[in-house]
Amino acid sequence: MPPETVTKQRADVIHNIGYRHYEGPRLGRAYARRSLFSQSLRGAYGLGRSAKSKVAPMLLFAVMCLPAAIIVAVAIATAADELPVKYTRYAIMLQAVIGLYTASQAPQAVSRDLRFKTVPLYFSRPIETMDYVVAKFAAMASALFILTGAPLLILYVGALLAKLDFADQTKGFGQGLVSVALLSLLFAGISLVVAALTPRRGFGVAAVIALLTISYGAVSVVQAIAWDQGNTDSVSWIGLFSPITIIDGVQTAFLGATSSFPGGVGPGTGTGLLYVLVLLGLIAGSYGLLMRRYRKVGL
Amino acid sequence: MSHTTTVERVTVIATESLSKRFPRVTALDRLSVDIAPGVTGLVGANGAGKSTLIKILLGLSPASEGRASVLGLDVARDGSAIRESVGYMPEHDCLPPDVSATEFVVHMARMSGLPPSAARERTADTLRHVGLYEERYRPMGGYSTGMKQRVKLAQALVHDPRLVLLDEPTNGLDPVGRDEMLGLIRRVHTDFGISVLVTSHLLGELERTCDHVVVIDGGKLLRSSSTSDFTQATASLAVEVTDTSDHPDGTRALRTALDRAGLTVQPAGRGADGSPGSDHVLLVDVAGEKTYDTVRDAIADLGLGLVRMEQRRHRIAEIFRSDDEDTEAADVPDTPDAAGAPDGTSGPGSPASASAHGNGGAVDAA
């Protein structure tokens, strides 16, 4: 080391006003993507944001878990030989809560960056469009998975405490987790696509709620009519037209669930495959649309 | 290793007949320019291609033709690596109002690849350097424009880049805030050792800050030369005097006296940065040390009060204006260029250069 350098450094320390260069590691794209993921996931529960923005997600999380706790308490108290609600049925029952959560948090995840024009700052850093989309998508899906998976965990732990059959419960729990994982991916994809269209958070919230409830409402009504007219085949086909009924169909066909379709006529294995294809297509399509959307936003 | 260092020392940004065409417009037209370390001003009217150039330099938008490199890295191939060691401050507002400056800048530091602890440490340092203290813990929604600009600058500096691209950093600031921001930009280079490319549509403010000025218009290079080239040969003395009862128009009396003493005097007119009250200011060309004595004596003889007497370099804009008047349609861009940047204008002595200069004036007026 030349002596001047040493003197200069010492002077910096004494006055503590000099600029210090950063010599440490730069962790690059993958790390930046992880950072964005964790920031977005925390943000989906209001962590690292204002106290006010913690209220809605935390409240919905509590509402989501409360019935599970009650069910477990009842099961233990009455020494029932099985849980009154199947793991796969829980999310379908509480779909309104999931819908509200999705509608409130998806715009939070993407509209804010658009509205306050923070997106260009992200893209002026090592990450690429893909990293941004993947991080946001994964964060939203994980947030939903936590929301839908936590009550299942409560049910499972409760079931074990009630000394219900271990193998049965574990299988049911596993099937439930797969089902809510698919639900999380689907809801995250659809809601992010809708939310990314508008920088206005309010519009985003309304649009996501409208999409989820109107599609479900319409599908239920048409299914009911078809069932009434004895047209049982078309009941399962119609279920392809709303997100939650797609999940219902997939888990009825492959995850041992009982369908909540009218008369409980879920799709069989053949139609079930189509359900899976539509489900995967929607998830992939959402990803593709998000990529397209953000390629344009750029700087 | 030593080889790369040498290359980087010579140029931070190099473009070679860089073009960007959109279906309807040509944003950049065969732009060739070399930018050396230091503070470089990029001047052009709105739509001159400044933002397009920045996008290409960050590796976010492919060039239609030509090449560009930043810090020795090719923009087409190494965009991610470039963005790791380059900072960018956008022109528009980009701060979420409900988070504090500290939280925001820490997040942005992590997005640049800094580990969490380093991100926090650098954030504290950087916010202090840009002059943000206690307020950095408050939500940014309540900040003044000046404070917001400082946060925007901080997020561009937090990862200790080797080059920052500042897009219109003085936009929306009042004169005091503008001066502070320009001083800060100057310090980014002198104290922090970071090269700066700063865009503006005001020539006047870049003159004070930059070592080198690149003027583009319609995507073409108009002129690239060091600031001293623009201003050096034309040192002048600004003199402002009071009126007395003997001389109701003191300025005019002084002018007459100085004319008689053989000095070149002209009224200052409006300053290039739009500074007002210049009607009473005379600009005296400095011919040598004796000029100062002559001016002082002339004022004393007239019994006028001396309000100020300051050394002033000619504004870049004035150079442009006189170029316009003196050399109509001549090939102005062949000014000697300190950094050896090639003059990539459309062609020698083209009428484009004359019309472009007209735009240069318009740029200033904007």
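Results for (1) within 24 Å of the chain's Cα centre (by Cα); (2) touching a residue at least 12 places away in the same chain (Cβ under 8 Å), shown as yes or no for each residue.
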{"residue": "B:SER51", "(1), (2)": "yes, yes"}
{"residue": "B:LEU57", "(1), (2)": "yes, yes"}
{"residue": "B:GLY66", "(1), (2)": "no, yes"}
{"residue": "B:ARG110", "(1), (2)": "no, no"}
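Condition test on A:GLY202, is it of a type outside the set (Val, Ile, Thr) and within 30 Å of A:TYR294 (Cα to Cα)? Give the steps one after another, and end with the answer.
Details: of a type outside the set (Val, Ile, Thr): yes; within 30 Å of A:TYR294 (Cα to Cα): yes.
It is true that A:GLY202 is of a type outside the set (Val, Ile, Thr) and within 30 Å of A:TYR294 (Cα to Cα).
Just checking, which of A:GLY230, A:GLY256 is touching a residue at least 60 places away in the same chain (Cβ under 8 Å), at positive phi and of a type outside the set (S, T, N, Q)?
Result: A:GLY256 is the single residue among A:GLY230, A:GLY256 that is touching a residue at least 60 places away in the same chain (Cβ under 8 Å), at positive phi and of a type outside the set (S, T, N, Q).
Looking at this structure, is B:GLU84 touching a residue at least 24 places away in the same chain (Cβ under 8 Å) and touching a Pro at 6+ places or on another chain (Cβ under 7 Å)?
Values: touching a residue at least 24 places away in the same chain (Cβ under 8 Å): yes; touching a Pro at 6+ places or on another chain (Cβ under 7 Å): yes.
Spelling it out, B:GLU84 is indeed touching a residue at least 24 places away in the same chain (Cβ under 8 Å) and touching a Pro at 6+ places or on another chain (Cβ under 7 Å).
Just one of (1) on the phi > 0 side of the Ramachandran plot; (2) within 9 Å of chain A (Cβ to nearest Cβ) trips up B:GLY131, so point out which.
(2)
Just to confirm my filter: which strands (runs of 3 or more DSSP E) fall fully inside the stretch B:126-243 and include at least 3 residues that are in contact with a helix residue (DSSP H, G or I) (Cβ under 7 Å, 6 or more places away or on another chain)?
Values: elements: B:163-167, B:195-200, B:212-217, B:220-226, B:236-241.
Here the list reads B:163-167, B:195-200, B:212-217, B:236-241.
Tell me, yes or no, whether the stretch B:198-218 has at least one residue that is of a type in the set (Val, Ile, Thr), within 20 Å of B:PRO90 (Cβ to Cβ), surrounded by 23 or more Cβ atoms within 10 Å (Cβ to Cβ) and within 14 Å of chain A (Cβ to nearest Cβ).
Yes, some residue in the stretch B:198-218 is of a type in the set (Val, Ile, Thr), within 20 Å of B:PRO90 (Cβ to Cβ), surrounded by 23 or more Cβ atoms within 10 Å (Cβ to Cβ) and within 14 Å of chain A (Cβ to nearest Cβ).
Among the residues of the stretch B:111-124, how many are at the interface with chain A (Cβ under 7 Å from one of its Cβ atoms) and farther than 13 Å from A:GLY24 by Cβ?
Summing the residues that are at the interface with chain A (Cβ under 7 Å from one of its Cβ atoms) and farther than 13 Å from A:GLY24 by Cβ in the stretch B:111-124 gives 1.
Yes/no matrix, rows are residues, columns are (1) part of a helix (DSSP H, G or I); (2) surrounded by 20 or more Cβ atoms within 10 Å (Cβ to Cβ); (3) of a type in the set (Lys, Arg); (4) touching an Asp or Glu at 6+ places or on another chain (Cβ under 7 Å):
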| residue | (1), (2), (3), (4) |
| --- | --- |
| A:ALA103 | yes, yes, no, no |
| A:ILE127 | no, yes, no, no |
| A:VAL134 | yes, no, no, no |
| A:GLN175 | yes, no, no, no |
| A:SER179 | yes, yes, no, no |
| A:LEU185 | yes, yes, no, no |
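Quick test of your reading of the structure: A:PRO2 fulfils all but one of (1) surrounded by 11 or more Cβ atoms within 10 Å (Cβ to Cβ); (2) modelled with pLDDT under 90; (3) more than 14 Å from chain B (Cβ to nearest Cβ). Name the failing condition by number.
It is condition (1) that A:PRO2 fails.
Looking only at the stretch B:81-93, which residues are in contact with a Leu (Cβ under 7 Å, 6 or more places away or on another chain) and surrounded by fewer than 21 Cβ atoms within 10 Å (Cβ to Cβ)?
The answer is B:ALA81, B:SER85.
Can you find even one residue in the stretch B:85-104 that is more than 7 Å from chain A (Cβ to nearest Cβ), under 28 Å from the mean Cα position of the chain (by Cα) and part of a helix (DSSP H, G or I)?
Yes.
How many residues are touching a residue at least 12 places away in the same chain (Cβ under 8 Å) and either small (Gly, Ala, Ser) or within 28 Å of B:TYR88 (Cα to Cα) (or both) if we restrict to the stretch A:72-87? First the steps, then the outcome.
Restricting attention to the stretch A:72-87, the residues satisfying the condition of being touching a residue at least 12 places away in the same chain (Cβ under 8 Å) are A:72-73, A:75-76, A:79-87.
Next cut, either small (Gly, Ala, Ser) or within 28 Å of B:TYR88 (Cα to Cα) (or both) only: A:73, A:75, A:79-80.
So the answer is 4.
Hey, any hits in the stretch A:88-104 for a residue that's within 14 Å of chain B (Cβ to nearest Cβ), out of contact with any strand residue (DSSP E or B) (no Cβ under 7 Å at 6 or more places or on another chain), in contact (Cβ under 8 Å) with a residue 24 or more places away in the chain and closer than 30 Å to B:PRO90 by Cα? Can you show your working first?
Step one: of the stretch A:88-104, the residues within 14 Å of chain B (Cβ to nearest Cβ) are none.
No, there is no match, as no residue in the stretch A:88-104 is within 14 Å of chain B (Cβ to nearest Cβ), out of contact with any strand residue (DSSP E or B) (no Cβ under 7 Å at 6 or more places or on another chain), in contact (Cβ under 8 Å) with a residue 24 or more places away in the chain and closer than 30 Å to B:PRO90 by Cα.
So A:LEU177 clears everything in (1) closer than 29 Å to A:ARG292 by Cα; (2) aliphatic (A, V, I, L, M); (3) more than 9 Å from the chain's Cα centre (by Cα) except one condition, right? Which one?
(1)
What is the number of the single condition among (1) buried (at least 22 other Cβ atoms within 10 Å of the Cβ); (2) under 30 Å from B:SER69 (Cβ atoms); (3) within 11 Å of chain A (Cβ to nearest Cβ) that B:PHE192 does not meet?
(1)
Tell me whether the stretch A:23-30 contains one or more residues that are acidic (Asp, Glu), under 30 Å from B:VAL188 (Cβ atoms) and part of a helix (DSSP H, G or I).
Of the residues in the stretch A:23-30, the ones acidic (Asp, Glu) are A:23.
The next check asks that each one be under 30 Å from B:VAL188 (Cβ atoms); those that pass are A:23.
With the extra rule that they be part of a helix (DSSP H, G or I), the set shrinks to none.
No; the residues of the stretch A:23-30 include none that is acidic (Asp, Glu), under 30 Å from B:VAL188 (Cβ atoms) and part of a helix (DSSP H, G or I).
Of these, B:ASP243, B:ASP273, which one is within 21 Å of B:GLU310 (Cα to Cα), under 15 Å from the mean Cα position of the chain (by Cα) and modelled with pLDDT under 85? Walk me through it before giving the result.
On the way: B:ASP243 fails: under 15 Å from the mean Cα position of the chain (by Cα).
The unique qualifying residue is B:ASP273.
Taking the condition of being free of Cβ contacts under 8 Å to residues at least 12 places away in the same chain, surrounded by fewer than 17 Cβ atoms within 10 Å (Cβ to Cβ) and part of a helix (DSSP H, G or I), how many residues in the stretch B:112-124 meet it?
To start, the set of residues in the stretch B:112-124 that are free of Cβ contacts under 8 Å to residues at least 12 places away in the same chain comprises B:115-118, B:121.
So of that shortlist, the ones also surrounded by fewer than 17 Cβ atoms within 10 Å (Cβ to Cβ) come out as B:115-117.
Filter once more, so that each one left must be part of a helix (DSSP H, G or I): B:116-117.
Residues in the stretch B:112-124 being free of Cβ contacts under 8 Å to residues at least 12 places away in the same chain, surrounded by fewer than 17 Cβ atoms within 10 Å (Cβ to Cβ) and part of a helix (DSSP H, G or I): 2 in total.
Is it fair to say B:ARG136 is at the interface with chain A (Cβ under 10 Å from one of its Cβ atoms), among the basic types (Lys, Arg) and out of contact with any Lys or Arg (no Cβ under 7 Å at 6 or more places or on another chain)?
Details: at the interface with chain A (Cβ under 10 Å from one of its Cβ atoms): no; among the basic types (Lys, Arg): yes; out of contact with any Lys or Arg (no Cβ under 7 Å at 6 or more places or on another chain): yes.
For B:ARG136, the condition - at the interface with chain A (Cβ under 10 Å from one of its Cβ atoms), among the basic types (Lys, Arg) and out of contact with any Lys or Arg (no Cβ under 7 Å at 6 or more places or on another chain) - is not met.
What is the residue count in the stretch B:159-183 for residues that are without any contact (Cβ under 8 Å) to a residue 60 or more places away in the chain and either within 12 Å of chain A (Cβ to nearest Cβ) or under 20 Å from A:GLY24 (Cα atoms) (or both)?
Result for the stretch B:159-183: 1.
Filter the stretch A:44-57 for residues that are within 10 Å of chain B (Cβ to nearest Cβ) and assigned to a helix (DSSP H, G or I) and give the result.
If the condition is that a residue be within 10 Å of chain B (Cβ to nearest Cβ) and assigned to a helix (DSSP H, G or I), then A:LYS52, A:SER53 are the ones that fit.
Which residue is farthest from the chain's Cα centre (by Cα), if the candidates are limited to the stretch B:68-82 and must be within 14 Å of another protein chain (Cβ to nearest Cβ), over 17 Å from A:ARG295 (Cα atoms) and of a type outside the set (A, V, I, L, M)?
B:ARG77
The values are calculated or read from the model by the stated rules, or taken from the named source; none is laboratory data. Owing to the predicted nature of the structure, the values given are computational and were not obtained by experimental measurement. Positions of Cβ are backbone-derived with ideal geometry, glycine not excepted, and every protein chain shown enters the neighbour counts.
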